[in-house]
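Here's the structure we're looking at; comments come further down.
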Amino acid sequence: RYLRNRLKTAKTYLDDMYGKMEKAKACGNPHQYSRKLGLAKKHYAKMYGLSKESDILISWMEHDVLNKAGPNRQTREMLYEFIVEEFERLQVIHPHRIKEVVTYLKNQQPHVFGFVDVLQTKFEGIAKRFGCSVDIIWKICQLQRCDQSGMNCAVRVVSFYDLFGEKFDAIEDAVITAMNTTERTSSMVENLNSRIRPYFELRQEIGHGYLELLRFYLNHVEFMR
């Protein structure tokens, strides 16, 4: 969002310089804003590249690395490292904000793929149950990214029907169930903590009696989302 806003600002300034240049030409002084216009063009090109490249990297992170419907951990880790390297390249051009993102991504890398490990365990169970490889199960997992009514999905699913026959539907249902029962983030835990933290701050000491009263209250009062 920050880079998009900077791009809009650069575009506005560039358009303003073009307007002033046209007026200067009409007044017989075409060189009055030539230097500022040249700098505005360079700045706009720089911000355009930064904004578009960061959008692409963020899209890859969202859809190829953090999406449950995706490849196995090894492939995700390679993509993650590539994205971090690309952000490191961008931070040389424009360190503000991007440098913080690079530091955050490096620090979070050991914790990012926890949900992938959970899926791996579930997929190993599915592979054992249906007598196939885990790699095939991950490919079926990736298939869930496609529009189920689209031609792309219809073309890709043919090879799985050739391999498994009618058994493919049961395998795909098991994969979808495994994905739907796997949480990608700690948002549920954080949500619970945010609910009970204000009650803990009311007292210096927390005893079993207070906890039982709090549990009774939270179980009988509707939670306003």
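The values are calculated or read from the model by the stated rules, or taken from the named source; none is laboratory data. The structure displayed is predicted, hence computed values, not measured ones. All Cβ positions, glycine included, derive from the backbone under ideal geometry; neighbour counts span all protein chains shown. Areas reflect the complete protein model, heavy atoms only, side chains present, ligands, DNA and RNA absent. Shrake-Rupley method; radii C 1.70, N 1.55, O 1.52, S 1.80 Å.
Taking only C-alpha pairs under 8 Å that are 6+ residues apart, what is the relative contact order of the chain in percent?
Reported as a whole number, the value is 15 percent.
Going by a 4.7 Å Cβ-Cβ cut-off, which cysteines of the chain have no partner at all?
So, 27, 132, 141.
Please list 3J(HN,Hα) in residue order for the range 79-96, calculated via the Karplus relation 6.51 cos²θ - 1.76 cosθ + 1.60 where θ = phi - 60°; whole Hz, with x for glycine and proline.
5, 4, 5, 5, 5, 4, 4, 5, 5, 4, 5, 5, 5, 5, 6, 8, x, 4
Could you tell me which residue out of 153, 101, 192 lies farthest along the dipole of the range 97-207 toward its positive end? Charges go on the beta carbon: Lys and Arg +1, Asp and Glu -1, centred on the Cα centre.
Farthest along the dipole direction, towards plus: 101.
Taking the Cα-to-Cβ direction at residue 9 and at residue 32 and moving 7 Å from each Cα, how far apart do the two end points lie in nm?
Simple spin-label model gives 2.6 nm for this pair.
Which of 32, 57, 2 sits closest to the plus end of the dipole of the range 1-94, meaning its Cα is farthest towards the positive end, when Lys and Arg get +1 and Asp and Glu get -1 on the C-beta?
Final value for the positive-end residue is 32.
Whenever you get a sec, compute what percent of the accessible area on the chain sits on carbon and sulfur atoms (1.4 Å probe).
The computed percentage sits at 54.
Take the alpha carbon atoms of the range 116-167, find their center, do the same for the range 84-108, and report the distance between the two centers in whole angstrom.
That distance is 35 Å.
So how strong a dipole does the range 103-225 carry about its Cα centre when Lys and Arg Cβ are +1 and Asp and Glu Cβ are -1, to the nearest 20 debye?
Here the size comes out at about 260 debye.
What number, rounded to the nearest 500 deg cm²/dmol, is the helix-based mean residue ellipticity at 222 nm of the chain, given -39500 (n - 2.57) per DSSP H run of at least four residues and division by all its residues?
-25500 deg cm²/dmol
Give me log10 I(q)/I(0) at q = 0.08, 0.14 Å⁻¹ for the chain, Debye formula, one equal scatterer per alpha-carbon, no solvent.
Relative scattering, expressed as log10 I(q)/I(0), comes to -0.57, -1.00.
Using a 1.4 angstrom probe, figure out how much accessible area the range 50-173 has per residue, in square angstrom, rounded to the nearest whole.
Result: 58 Å² per residue.
How large is the dipole of the chain about the Cα centre if only Lys and Arg carry +1 and Asp and Glu carry -1, each at its Cβ, rounded to the nearest 20 debye?
1500
Which order do you get for 132, 27 if you rank them by accessible area with a 1.4 Å probe, largest at the top?
From most accessible down to least: 27, 132.
On a 28 Å Cα-Cα criterion, which of the cross-link pairs 20/99; 52/106; 11/99 come out too long?
From 20/99; 52/106; 11/99, over 28 Å: 20/99.
Provide the descending list of Cα extents for the range 85-125 along its principal axes, expressed in whole angstroms.
Projected onto the principal axes, the Cα atoms of the range 85-125 cover 47, 14, 10 Å.
Name the residue from 45, 21, 92 whose Cα lies farthest towards the positive end of the charge dipole of the range 1-155, charges +1 on Cβ of Lys and Arg and -1 on Cβ of Asp and Glu.
Of the candidates, 21 comes out farthest on the positive side.
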